[in-house]
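Step one of this worksheet: look at the structure below.
Please treat every number below as a calculation from the coordinates, not as lab data. Here the structure is a predicted model, which means the values were calculated and not measured. Here the Cβ positions follow ideal geometry from the backbone for every residue, glycine too, while neighbour counts run over all protein chains shown.
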Amino acid sequence: MSKRKWQSLLEEVHNKVAELKKDKCEVPYFRGQSNSKCIYHLIPKLYRSECLKKFEDDKYLEYNMYFDFVTKGGIQINKDSTWHNLFLMQHYGLPTRLLDWTDNFGVALFFAIQGYNRKSSNLPEIIILNPNLLNNKTFPTGEFNSGELMNPELSRKFPIYLDLIDPDLQTKRIVSKRSDYPIALYPFRFNNRLIAQGGFFTLHGKLKNSIEKLVPESVFKFKIERDSIEEAEKFLLLSGINEYKIYADIESLCRHLKSFFFKKNL
């Protein structure tokens, strides 16, 4: 039964991806969630309750976080790309308006399974996003290349992240207006982790709701049944997807080797 359910899930995901590609969505975005009932699924950290009150009380919060990050980050900071620094902030846990996505089903599956609590009544799930459809909503026809994925560092519309933080702080620049809806981004992959994870992002605009509420037609969910978890883990093992492959640093390598040699007994 578990194998049949797992195969059924794979077929459903495959069929949805094929359907999206017929609709000219060449790069579907995947995201893995360990709890299908989590209320924060597609809401970035900066817009979640633990950060939102502070964000709404202090209109310069986002700018001040960015400023302190680039001021104190030393040689790790890219002086030529505010977007590069924003992506670093996201990867190392600072609250931003970004959500992480991947173009790799296996990577999304890893994140769905990794944090899953087997004692919970909730189920992990895979979320698929049609980023082209999302950008159709964000950028009406004629305002931008409607529906196309955007590399923010190449775009004339949003070349500088600070323009999206607070336009009032920018002088002598062509100021960009922050969109209401989220934007699907196609970033440069400038570090090992982004490369390993096949990283993509969405960037929320003014509206603070989840993507599934803002543009529900762009989101598709697939729950992983409890008795399919073992088959999912076998899939990851055969695919060579583990902590080291995902995080690509020495710390994750040691965690992976510890798990491999001691079978999670430590």
With -39,500 (n - 2.57) per DSSP H segment of 4 or more residues and division by the full residue count of the chain, the 222 nm estimate, nearest 500 deg cm²/dmol, is -12500 deg cm²/dmol
Across segment 1-91, qualifying lysine pairs (alpha carbons under 26 Å, at least 8 places apart or different chains) come out at 20
Rounded to the nearest Å, the spacing of the alpha-carbon centers of segment 97-137 and segment 222-252 is 13
Per the C-alpha gyration tensor (a ≥ b ≥ c, the square roots of its eigenvalues), segment 2-228 is rounded if a/c is under 1.5, else prolate if a/b beats b/c, else oblate; here it's prolate
In degrees, nearest 10, the alpha-carbon axis of helix 61-72 is tilted away from the dominant principal axis of the alpha carbons of the chain by 80
Taking Cα atoms only, helix 2-22 is inclined relative to the longest principal axis of the chain by an angle, in degrees rounded to 10, of 30
For the chain, longest principal axis from Cα atoms; helix 229-239 axis from its Cα atoms; angle between them, nearest 10 degrees, is 70
Footprinting proxy, THR71, THR138, THR202: sorted fewest to most Cβ within 10 Å, the residues are THR71, THR138, THR202
